Amino acid sequence: MNTLYDTESVSTMETHLSLPDATHALARIASLDWHAVSNDLNESGNALLKEVLTPGECEALASLYPNDEHFRSRVVMARHGFGRGEYKYFRYPLPNLLHELRTALYERLAPIANQWNHSLEIDTRYPDTHADFIQRCHKAGQLRPTPLLLQYGPGDYNCLHQDLYGEHVFPIQVAFLLSEPERDFTGGEFVLTEQRPRMQSRPEVVPLHQGDAVAFAVHHRPVQGTRGFYRVNMRHGVSRLRSGRRFTFGIIFHDAK
């Protein structure tokens, strides 16, 4: 049995971390207007998912950051030219709340991802379940988990980038803001840029509050033109923090080489 989906292993880690049960968060995900989410992703490459997590769930997730035993690696952005700040990738098995969020969101987003590939005449299709997609990643040697927790302090920022990691890329990812703007930090806006052919880049700031998430294109998305669909390149980042501390939880659905 793949240990990633060994429920006993996930449950044991969950107890140790004292994270909230996933039931209520999954109910909030199910209650979102997914037709509107699909329209927003198709129209602008991002969609705001409001109040998916409670303040208590956000604080519990952010409180994991100091304990390295729950993570496979730590990245200090300045060492790699990624910006300033740091982040940690979770190790498998994921805590149950994270595992369930990743599974439920994938199942909602996979039909949108498949429609994007159809529009762009890309042959790849994504299976209905995240477990099946992860098996595809693992068979290609993409074995390392990619969900991550990011921490920013005063002066920190995240350069515009794309989270690819290997051959198999799910084209949408999700980021949760775990801190509250103006109370916990100032600055630190989530920024997207869109590069259309023969045009200058278009920036967009997505306004987030604690517990909100944003679903957005990983690297490209289809846009309807006069001669059919064409590919638009997307990047994302975080503007400079003016004060305080900002935590973010990111869900990337493909694993890494």
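The values are calculated or read from the model by the stated rules, or taken from the named source; none is laboratory data. Note that the structure is predicted; figures quoted are calculated from it, not measured. All Cβ positions, glycine included, derive from the backbone under ideal geometry; neighbour counts span all protein chains shown. With ligands, DNA and RNA removed, areas are computed over all heavy atoms of the protein, side chains included. Shrake-Rupley method; radii C 1.70, N 1.55, O 1.52, S 1.80 Å.
Of the whole protein surface, E182 contributes about 140 Å² of accessible area at a 1.4 Å probe radius. Between T54, T103, T23, the Gaussian network model of the chain with springs among Cα atoms under 10 angstrom shows the greatest mean-square fluctuation at T23.
Solvent exposure of the chain, expressed per residue, is 46 Å² of accessible area, with all protein chains present and a 1.4 angstrom probe. Label positions at R125 and M199, each projected 7 Å from the Cα along the C-beta direction, are separated by 3.1 nm. In terms of Cα to Cα distance under 22 Å, which lysines are near enough to K257, apart from those fewer than 8 places away along the same chain? Answer for K257, where 22 Å is the Cα cut-off: K88, K139, listed by chain and number.
Between A62, A36, A25, which gets the highest mean-square fluctuation from a Gaussian network model of the chain, Cα cutoff 10 Å? Among A62, A36, A25, the largest GNM mean-square fluctuation belongs to A36.
Distance between the pseudo-spin-label points of A30 and Q224 (7 Å out from Cα toward the beta carbon): 3.2 nm.
Note on the chain: with neighbouring protein chains present and a 1.4 Å probe, carbon and sulfur make up 50 percent of its accessible heavy-atom surface. Surface listing: I122, I112 arranged by accessible area from highest to lowest gives I122, I112, probe 1.4 Å. When volume of the Cα convex hull per residue in Å³ is calculated for this entry, the matching label among (i) 265; (ii) 160; (iii) 125 is (iii). Here the Debye sum runs over all C-alpha atoms of segment 25-98 as equal scatterers in vacuum, and log10 of I(q)/I(0) at q = 0.13, 0.17, 0.25 Å⁻¹ comes out as -0.62, -0.92, -1.05. Whole Å is fine, so just give me how far the alpha carbon centre of segment 100-169 lies from that of segment 210-257. Distance between centres, Cα-based: 11 Å.
The coefficient of translational diffusion for segment 17-165, derived via Stokes-Einstein from the alpha carbon Kirkwood radius under 4 °C and 1.567 mPa s, stands at 74 µm²/s.
Roughly speaking, what is the stretch gain from D132 to N233, that is 0.36 nm per residue apart minus the C-alpha to C-alpha distance, in nm to one decimal?
33.6 nm
For the chain, a crude dipole built from +1 on the beta carbon of Lys and Arg and -1 on the beta carbon of Asp and Glu, taken about the Cα centre, is about 1100 debye to the nearest 20. Most tightly packed first, judged by the mean number of other beta-carbon atoms within 10 Å of their residues, the peptides 209-216, 238-245 read 209-216, 238-245.
Stokes-Einstein diffusion for segment 153-257, with the hydrodynamic radius set to the Kirkwood value over Cα pairs and evaluated at 10 °C in a medium of 1.306 mPa s, equals 107 µm²/s.
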